[in-house]
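Data block below; observations after.
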Amino acid sequence: MPSLKCQILVDDVTEMTRTDCVDITLCTNGVLTYEEIGGHLRPTGTGAVEIDLTRLKFIDPAGLVSLAVIAERARLQRRPVHFRKPEGGDVANYLTRMRLGDELAGLDVVHDLPQVRERRLGHRLVELRRFDGEAGLDTVAAALVQTYVDDHPELIQPLYAALDEMARNVLEHSTRSHGYVALQRYDNRGDISFAVGDSGIGLRKRLAAAIPVPDDRTAIVRAAQVHVTSIGRPGRGRGISRVIGITGEHRGSVTLISGAASGTFRRGLPEPELSDLPASYPGTLAHVRLSL
């Protein structure tokens, strides 16, 4: 019998096909970050979706959010998920502390991540979380503010604004009622990163309802343009472009991954560095980095 948590996956999946699922296998350098995700994706066959983290050595918020998105897309299409934990104990423990196991369990995905003792990790991270609607987003944003209020008060406003804009874009454009978010601060390199993702229909399909979008690369470029919106509501369409501007002021970047394309916006500029993926991302991912 499916769990009560699984029964909340009631969003419209009529625009998704069985080929929209992807496997993810750490087959190269063991790094799963916003820069590396695309290289680990492979189209899923007709059987189970594979999430093989055996060789995982390092993961960032974009990697964590992507694992939840891949698992959720599979479960939405009633596909079984085969999960393999990292061989390295430290990284496996980190995944548990970041609540990946909790999110997988909520999707009825069996996993063998270890149990670890709770410990306060302070201002370094915000665990992988699902947010439901704007009320859920407000809860996550409040946790973010509480995390940084004592340590870096000057970052509260730009972080809050960037997270709020990106998360609202997920709710508005994905046809999903919820999304996933994770945040990590890296003191050794002096920056903060967060990722927001969803298992919805992707930028191209959503924008194509309102404007011409011939391919996924174009969708990323158009999504970041001021006043471009898929819903035609007055006052909307500035979210992603505003976040790009915020990262420009804080020596950061924005990366959007959707469909078979990835685009990174640096220095606040509206022209992204574009690349193609070997398999289509099962939704949309936004990764935002700000310098401390």
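At-a-glance table
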read-out: Restricting the stretch 128-179 to residues that are among the hydroxyl-bearing types (S, T, Y) and in contact with a strand residue (DSSP E or B) (Cβ under 8 Å, 6 or more places away or on another chain), the residue that is surrounded by the fewest Cβ atoms within 10 Å (Cβ to Cβ); value: T139
read-out: Which listed residue, of G45, G106, G39, G89, is modelled with pLDDT under 90, under 20 Å from L128 (Cα atoms) and among the small types (G, A, S); value: G89
read-out: Matching residues in the stretch 235-271 - criterion: being of a type in the set (A, V, I, L, M) and either crowded, with 17+ Cβ neighbours inside 10 Å or free of Cβ contacts under 8 Å to residues at least 24 places away in the same chain (or both); value: I240, V243, I244, I246, V254, L256, I257, A260, A261
read-out: Filter pass, C21 being within 21 Å of G179 (Cβ to Cβ), at pLDDT below 85 and crowded, with 22+ Cβ neighbours inside 10 Å; value: yes
read-out: Number of positions in the stretch 272-284 that are touching a residue at least 40 places away in the same chain (Cβ under 8 Å) and more than 10 Å from G202 (Cβ to Cβ); value: 7
read-out: Test: residue in the stretch 115-131 that is farther than 23 Å from G283 by Cβ, in contact with an Asp or Glu (Cβ under 7 Å, 6 or more places away or on another chain) and either touching a residue at least 60 places away in the same chain (Cβ under 8 Å) or of a type in the set (G, A, S) (or both); value: yes
read-out: Unique match (being closer than 24 Å to R204 by Cβ and either out of contact with any strand residue (DSSP E or B) (no Cβ under 9 Å at 6 or more places or on another chain) or not in a loop (DSSP other than H, G, I, E, B) (or both)) among D90, D23; value: D23
read-out: Neighbours by Cβ (under 7 Å, 6+ apart or cross-chain): first from the stretch 52-80, closer than 16 Å to L26 by Cα; second among the acidic types (D, E) and crowded, with 23+ Cβ neighbours inside 10 Å; value: A68/E103
read-out: Spans of helices (runs of 4 or more DSSP H) in the stretch 131-220 with at least 2 residues more than 26 Å from A74 (Cβ to Cβ) and more than 13 Å from the chain's Cα centre (by Cα); value: 133-148, 156-173
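Every residue, every condition in (1) of a type in the set (A, V, I, L, M); (2) over 19 Å from G239 (Cα atoms); (3) modelled with pLDDT under 90; (4) surrounded by fewer than 18 Cβ atoms within 10 Å (Cβ to Cβ), yes or no:
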position	(1), (2), (3), (4)
A195	yes, no, no, no
D198	no, no, no, no
I211	yes, no, yes, yes
R217	no, no, no, no
V221	yes, no, no, no
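The values are calculated or read from the model by the stated rules, or taken from the named source; none is laboratory data. These numbers come from a predicted model, not from an experiment. Using ideal geometry, Cβ is built from the backbone for each residue, glycine included, and neighbour counts are taken over all protein chains shown.
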